[in-house]
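One structure is given here, and the rest of the page talks about it.
The values are calculated or read from the model by the stated rules, or taken from the named source; none is laboratory data. The structure presented is a predicted model; accordingly, all values stated were derived computationally and were not measured. The protein model used for the area step is the full one, side chains on, heavy atoms only, and it has no ligands, DNA or RNA in it. Shrake-Rupley method; radii C 1.70, N 1.55, O 1.52, S 1.80 Å.
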Amino acid sequence: MASLVWGRDPQEAHDNPYEYEAQDQFVREAKELLSQIQVALDHFTMSFHRDDRSLEKATWMLAIDLNDALLESAQLFVEKRHWTDPDFTDTTCLKKLKESGNGWKDKAAVRGGVSAADS
């Protein structure tokens, strides 16, 4: 059966919150995809030295954390206790900060907030 969740407009899904079959299918497919991503990330487990402080290692560690947070969120969805995982939000903000190259001085801009200097 063709997937009816991935090509769908998110607004349509939001407007129809009681389509339990589509929700169940989404969670099944998301968990399968996230499990495959986890296997791919595990390939790099012993690739970095303990003291490595490179962008590649930091990105890999954040990707593992983000994938774990998404897997936990999918499980919470199955248990009907879904919510936005703070780990997911924090990890995506950290990744944006690391990629910005500006260090902690620009952390307000990464989170979309206003820094003290802007007040």
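Ratio to report: Rg/Rh of the stretch 26-79, with Cα atoms as the point set and Rh obtained by the Kirkwood method; give two decimals.
On the Cα set of the stretch 26-79, Rg over Rh gives 1.07.
Taking all protein chains as present, what is the carbon and sulfur share of the accessible area of the stretch 1-82, in % to the nearest whole number, probe 1.4 Å?
Of the solvent-accessible surface of the stretch 1-82, carbon and sulfur hold 59 percent.
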